[in-house]
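Bear in mind these aren't lab numbers, they're just calculated from the coordinates by the rules spelled out. Please read all numbers here as calculations on a predicted model, not as lab measurements. Virtual Cβ from ideal backbone geometry, glycine too; neighbours counted across all protein chains shown.
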Amino acid sequence: MAIDFGRTASDYARHRAGFPDAFFERLFADGTVQPGNLVLDLGSGTGTVARGLAVRGCELTALDHSASLLAEAAELDRAAGVQVKQVRARVENADFAAASFDVITAGQCWHWFDRQRTAALARSWLKPGGRLVIAHFDWLPLNGNLVQDTERLILTCNPGWTMHSGSGLYPAWLKDVAEAGFTGLRTYSFDLDVPYSHVDWRGRIRASAAIGAVLDRARVQRFDSELATMLTARHATEPMAVPHRVWVLSALTPGLLA
């Protein structure tokens, strides 16, 4: 089944929690990103990473192939009072001049790309000494918790879904960037709870690759009804505290381009 997040762009923009303030604070505190940096955000979607950096003084270019997601991002950008240049293309087909950016970010999307080609392109688009930042913000399925209950329900509706039972850690990405010639690799992670109402959690799941981005409308509506029933029965207290993990990999381009 083809995955198309554009089909669920409205839910994606309205209900999916973006990267938390603590993520951006860490990037600036450790010098990974600085105000005034020229930043390219890969797979930008509704712009959670791009907008977070733009409001903190960076100059952003957002790259995504979905017109629907970019349209939602533009509305959210206007509401936030920032300007983000949008480029509509698949990452693997994008065309930027060599050494154009100080930082390239990829939030919650590296697994959707041709990783080897994308790593090579990122290195060519970065200035010498520039940084690639790959980040994830994942829910955490733990024994008996809301996320595990939700994932089990998803599998009854979409048994072919393979992205369940995750840890929020991505060691394979280190190999990707090292083999592309990046240096100075470093990773870190931290956990936090994200408050979700029943309505927002249902919207968050509809926006996921397992449901709204892949199933037809009737199946989405049937699943949403089942999820609402499960939440009322098993997780009635609102807001619900949904455990998440932020995981970050940053890497440097060599001082001189090869």
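If Phe223 satisfies every condition in (1) touching a Cys at 6+ places or on another chain (Cβ under 6 Å); (2) under 30 Å from Leu126 (Cα atoms) but one, which is the exception?
Condition not satisfied by Phe223: (2).
Can you tell me how many residues within the stretch 82-106 are outside any loop (DSSP other than H, G, I, E, B) and surrounded by fewer than 18 Cβ atoms within 10 Å (Cβ to Cβ)? First the steps, then the outcome.
In the first step, residues of the stretch 82-106 are kept if they are outside any loop (DSSP other than H, G, I, E, B); the result is 85-88, 91-93, 101-106.
After this cut, where a residue has to be surrounded by fewer than 18 Cβ atoms within 10 Å (Cβ to Cβ) as well, the list is 85, 87-88, 92-93.
Counting residues in the stretch 82-106 that are outside any loop (DSSP other than H, G, I, E, B) and surrounded by fewer than 18 Cβ atoms within 10 Å (Cβ to Cβ) gives 5.
Picking from Ala62, Ala79, Ala17, which residue would you name as being in a loop (DSSP other than H, G, I, E, B) and either of a type outside the set (Val, Ile, Thr) or out of contact with any strand residue (DSSP E or B) (no Cβ under 8 Å at 6 or more places or on another chain) (or both)?
Values: Ala62 fails: in a loop (DSSP other than H, G, I, E, B); Ala79 fails: in a loop (DSSP other than H, G, I, E, B).
Exactly one residue qualifies, and that residue is Ala17.
Within the stretch 30-70, track down each residue that is among the hydrophobic types (A, V, I, L, M, F, W, C) and farther than 22 Å from Glu92 by Cβ. Quick ask: steps written out before the conclusion?
If we filter the stretch 30-70 for residues that are among the hydrophobic types (A, V, I, L, M, F, W, C), which is where we start, we get 33, 38-40, 42, 49-50, 53-55, 58, 60, 62-63, 67, 69-70.
Listed by number, the residues that qualify are Val33, Leu53, Ala54, Val55, Cys58.
Does His136 meet the test of being in a helix (DSSP H, G or I) and closer than 23 Å to Gly168 by Cα? Give the steps one after another, and end with the answer.
Details: in a helix (DSSP H, G or I): no; closer than 23 Å to Gly168 by Cα: yes.
Taking the combined requirement at face value, the residue does not satisfy it.
Of the conditions (1) within 30 Å of Trp201 (Cβ to Cβ); (2) crowded, with 23+ Cβ neighbours inside 10 Å, Cys109 clears all except one; give me its number.
(2)
Output the residues belonging to the stretch 220-248 that are charged (D, E, K, R) and within 30 Å of Ala106 (Cβ to Cβ). First the steps, then the outcome.
We begin by selecting, within the stretch 220-248, every residue charged (D, E, K, R); these are 222, 224, 226, 234, 238, 245.
Those that are charged (D, E, K, R) and within 30 Å of Ala106 (Cβ to Cβ): Asp224, Arg245.
Anything in the stretch 222-250 that is surrounded by 14 or more Cβ atoms within 10 Å (Cβ to Cβ) and β-branched (Val, Ile, Thr)? List them, or say none.
Within the stretch 222-250, Val242, Val246, Val248 qualify.
For the stretch 158-184, what are the residues that are surrounded by 15 or more Cβ atoms within 10 Å (Cβ to Cβ), more than 30 Å from Arg217 (Cα to Cα) and not small (Gly, Ala, Ser)?
Matches in the stretch 158-184: Tyr170, Trp173, Leu174, Asp176, Val177, Phe182.
Across the stretch 90-112, which residue is farthest from Asn37 (Cα to Cα) among those that are of a type in the set (Gly, Ala, Ser) and within 17 Å of the chain's Cα centre (by Cα)? Quick ask: steps written out before the conclusion?
As a first pass, look at the stretch 90-112 and keep what is of a type in the set (Gly, Ala, Ser): 94, 97-100, 106-107.
Narrowing further to those that are within 17 Å of the chain's Cα centre (by Cα): 106-107.
Working: Ala106: 16, Gly107: 17 Å.
Only one residue tops the list, namely Gly107.
Against the conditions (1) in a helix (DSSP H, G or I); (2) surrounded by 20 or more Cβ atoms within 10 Å (Cβ to Cβ); (3) not hydroxyl-bearing (Ser, Thr, Tyr), where does Asp149 fall short? Just the number, please.
(2)
For the list (1) over 18 Å from the mean Cα position of the chain (by Cα); (2) under 30 Å from Phe101 (Cα atoms), I need the number of the one condition that Ala236 fails.
Going through (1) over 18 Å from the mean Cα position of the chain (by Cα); (2) under 30 Å from Phe101 (Cα atoms) one by one, Ala236 breaks only (2).
Looking at Phe96, Phe101, Phe137, which one is closer than 30 Å to His164 by Cα and touching a Ser or Thr at 6+ places or on another chain (Cβ under 9 Å)?
Working: Phe96 fails: closer than 30 Å to His164 by Cα; Phe101 fails: closer than 30 Å to His164 by Cα.
When all the criteria are applied, what remains is Phe137.
Within the stretch 39-59, can one find any residue that is more than 21 Å from Val194 (Cβ to Cβ) and in a helix (DSSP H, G or I)?
For the stretch 39-59, residues more than 21 Å from Val194 (Cβ to Cβ) and in a helix (DSSP H, G or I): present.
Report yes if some residue within the stretch 110-131 is over 28 Å from His244 (Cα atoms), part of a strand (DSSP E or B) and of a type in the set (Lys, Arg); otherwise report no.
So in the stretch 110-131, the residues over 28 Å from His244 (Cα atoms) come out as 117, 120-121, 123-130.
Still in the list and also part of a strand (DSSP E or B): 126-130.
From what is left, the residues that are of a type in the set (Lys, Arg) are 127.
Yes, that holds for at least one residue.
Residue by residue, here is whether (1) touching a strand residue (DSSP E or B) at 6+ places or on another chain (Cβ under 7 Å); (2) over 30 Å from Arg131 (Cβ atoms) holds:
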{"site": "Leu153", "(1), (2)": "no, yes"}
{"site": "Asn158", "(1), (2)": "no, yes"}
{"site": "Met163", "(1), (2)": "no, no"}
{"site": "Gly166", "(1), (2)": "yes, no"}
{"site": "Gly181", "(1), (2)": "no, no"}
{"site": "His198", "(1), (2)": "no, yes"}
{"site": "Ala210", "(1), (2)": "no, yes"}
{"site": "Arg222", "(1), (2)": "no, yes"}
{"site": "Leu249", "(1), (2)": "yes, no"}
